[in-house]
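Structure first, then comments.
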Amino acid sequence: MRRETHRGIGMTSERTRERLLERLFGAGITDGKVLEAIRRVPRHLFVDEALASRAYEDIALPIGHGQTISQPYVVALMTQTLYSGTQMDRVLEIGTGSGYQTAILATLTDEVLTVERILSLHRQVRNRLYDLGYRNIKYRHGDGLEGWSEHAPYDAILAAAATNEVPDRLLAQLKIGGRMVLPIGGRKLQKLLLIERTSEGFDQQDVESVNFVPLLSGKV
Ligand code: SAH
């Protein structure tokens, strides 16, 4: 086990973690399995040590490369939106980032496939989640706009970066009956959309306003 897993975050960590769960519940995250996943995944191990004491505040935090670990509420909301009413055996995530959302999904599903365009984040997360004991995740360094067709179709697809339009390649990799959540819009104003694939086509609904980093094409 790596030193990181033993990193202390002070006497208040249990209380601050409980407070976060209460806050999420109050904000409408009522799915017990989602709350339990948030309780179990140690968010302080997904940020730089200097920020660990703020890891259980309901805020996004920088993870380097101009990227952020998503706000816990947004991770919980996206997970709950995907999860309700769907059997999720295999989930595709676009934008691994810190791997926090990946870990939450991996506690709730059989298999998670995650794609990240920034090589150093991809490598760092692969090591981090392996050290934390996750064995049901596949990692790809690549452009998530392409999806990951070798393992398609997916029960669910989650994108953690915003585009102006829903990428066709991702829609094509969704199972009939499957769900996709993603932020759609420009740099400032975005809507979280829920898309469900039916035998006739795609149904779409707005979930709420969100603020994500942009989905960029190509890998670096
Ligand atoms: N949910 C993540 C946050 C992800 S931030 C967490 O909690 O840590 C969004 C991530 O999407 C960034 O790491 C960014 O590099 C990545 N990204 C942006 N465009 C992408 C693309 N086309 N393919 C794959 N990853 C992309």
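Throughout, read-outs are computed from the coordinates displayed, never taken from laboratory work. Nothing here was measured: the structure is a model prediction, and the numbers come from that model. Cβ sites come from the backbone with ideal geometry, for glycine too, and all protein chains shown count toward neighbours.
Between E49 and N136, the modelled labels are 3.3 nm apart [label points 7 Å from Cα along Cα→Cβ].
Under the rule a/c < 1.5 gives rounded, and otherwise a/b versus b/c splits prolate from oblate, where does the chain land using the Cα gyration tensor? It comes out prolate by the Cα gyration axes. Sorting 96-105, 144-153 by average packing, meaning the other beta carbons within 10 Å per residue, from highest down gives 96-105, 144-153. Just tell me which lysines come within less than 28 Å, Cα to Cα, of K219; anything on the same chain fewer than 8 places away is out. Filter leaves K138, K175, K188, K191. For the pair A172 and S84, label points projected 7 Å from Cα toward Cβ lie 3.2 nm apart. Each residue of the stretch 104-121 was assigned a 3J(HN,Hα) from its phi angle through the Karplus expression (A = 6.51, B = -1.76, C = 1.60, θ = phi - 60°), giving 4, 4, 5, 7, 10, 9, 6, 8, 10, 10, 10, 10, 10, 8, 9, 4, 5, 5 Hz with x at Gly and Pro.
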